[in-house]
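So the structure is just underneath, and the comments pick up after that.
The values are calculated or read from the model by the stated rules, or taken from the named source; none is laboratory data. Keep in mind it's a predicted model, so treat the numbers as computed, not measured. Heads up, the Cβs are rebuilt from the backbone with ideal geometry, glycines too, and the neighbour counts pull from every protein chain shown. Accessible surface is based on the protein model in full, side chains and every heavy atom, while ligands, DNA and RNA are left aside. Shrake-Rupley method; radii C 1.70, N 1.55, O 1.52, S 1.80 Å.
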Amino acid sequence: ARRAAAAATHADVRFVVDGAVLPAHKVFVARCDYFARAIASGMRETHTNEIVLDECSLDTARSVLLHTYTDRMFGEPANMIDVLGAANRFHMRSLAKSAEIVIERYFDFGSLHNVLQLFAFADSYNAEHIVATCKYVLLNDYTLGDVVDGVRELGLPPTLVEQLNKHRKARFTTTSGATS
């Protein structure tokens, strides 16, 4: 399947990204419901056999396409946040899960601002594992005051602090109840 993705031979659909053309095969691309609907919708994509991805970088589009062929993750760890965003946009849950694993493995959790920005991003995409990891780091490595200040400085939604408070209270209640 990976060789098929690399070969333009017999390609019957094209992805246009940043002016570049990525040839693909409908039989593999249609494994993603989003692309299957685009190909079969009767809209422009059906007639031109061309899908324009304005919201993706070329590297992200390659990762997405290779995943439709192989169900595997390809791409640089530094690009995984973009891949996670694309996976959610195109409703590719297995790609999103794979991107989450790579992000958790390679992300720098040593900076409060990095963790808060990742937390906000992961929360908006329902990336549950990353959200849980961010909560753990924020609750164990930073004071609540530092988190509140960071949320304000970065202009992030205050609901992030509310989520942390709920999680902290639930954890405290569970811990207190277990020791009673």
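Considering the range 106-146 alone, what residues qualify as being outside any helix (DSSP H, G or I) and farther than 15 Å from LEU156 by Cβ?
First, the residues of the range 106-146 that are outside any helix (DSSP H, G or I): 107-111, 125-127, 142-143.
Listed by number, the residues that qualify are PHE107, ASP108, PHE109, GLY110, ASN126, ALA127, THR143.
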> Name the residues in the range 32-49 that are over 15 Å from HIS91 (Cα atoms), surrounded by 13 or more Cβ atoms within 10 Å (Cβ to Cβ) and among the hydrophobic types (A, V, I, L, M, F, W, C), would you?
Replying inline: ILE39
> Pick from the range 124-141 the residues that are within 13 Å of ILE81 (Cβ to Cβ) and open to solvent by 50 Å² or more (accessible area, probe 1.4 Å): which of them is farthest from the chain's Cα centre (by Cα)?
Replying inline: SER124
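So that you can scan it fast, the table gives a plain yes or no per residue for (1) of a type in the set (A, V, I, L, M); (2) part of a helix (DSSP H, G or I); (3) on the phi > 0 side of the Ramachandran plot:
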residue	(1), (2), (3)
VAL148	yes, yes, no
GLU153	no, yes, no
LEU156	yes, no, no
GLN163	no, yes, no
HIS167	no, yes, no
> Could we say that MET73 is open to solvent by 40 Å² or more (accessible area, probe 1.4 Å) and over 17 Å from ILE130 (Cβ atoms) here?
Replying inline: no
> What number of residues within the range 142-160 are farther than 30 Å from HIS91 by Cβ and surrounded by 13 or more Cβ atoms within 10 Å (Cβ to Cβ)?
Replying inline: 7
> Considering only residues of the range 105-114 that are closer than 24 Å to PHE74 by Cα and open to solvent by less than 60 Å² (accessible area, probe 1.4 Å), which is modelled with the highest pLDDT?
Replying inline: ASN114
> When both residues are 6+ apart or on different chains and their Cβ atoms are under 8 Å apart, which pairs have a first residue that lies in the range 27-40 and is of a type in the set (Val, Ile, Thr), and a second that is surrounded by fewer than 19 Cβ atoms within 10 Å (Cβ to Cβ) and in a loop (DSSP other than H, G, I, E, B)?
Replying inline: ILE39/ALA30; ILE39/ASN49
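Just one of ASP71, ASP12, ASP33 is closer than 28 Å to ALA120 by Cβ and not polar (S, T, N, Q); which is it? First the steps, then the outcome.
Working: ASP71 fails: closer than 28 Å to ALA120 by Cβ; ASP12 fails: closer than 28 Å to ALA120 by Cβ.
Exactly one residue qualifies, and that residue is ASP33.
Checking the condition open to solvent by 60 Å² or more (accessible area, probe 1.4 Å), among the hydrophobic types (A, V, I, L, M, F, W, C), modelled with pLDDT of 85 or more and in contact with a strand residue (DSSP E or B) (Cβ under 9 Å, 6 or more places away or on another chain), which residue from VAL52, VAL29, VAL21 passes? Working first, answer last.
Values: VAL52 fails: open to solvent by 60 Å² or more (accessible area, probe 1.4 Å); VAL29 fails: open to solvent by 60 Å² or more (accessible area, probe 1.4 Å).
None of the others qualify; the one that does is VAL21.
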> Since LEU65 meets every condition but one in (1) at pLDDT below 90; (2) closer than 29 Å to THR133 by Cα, which condition does it not meet?
Replying inline: (1)
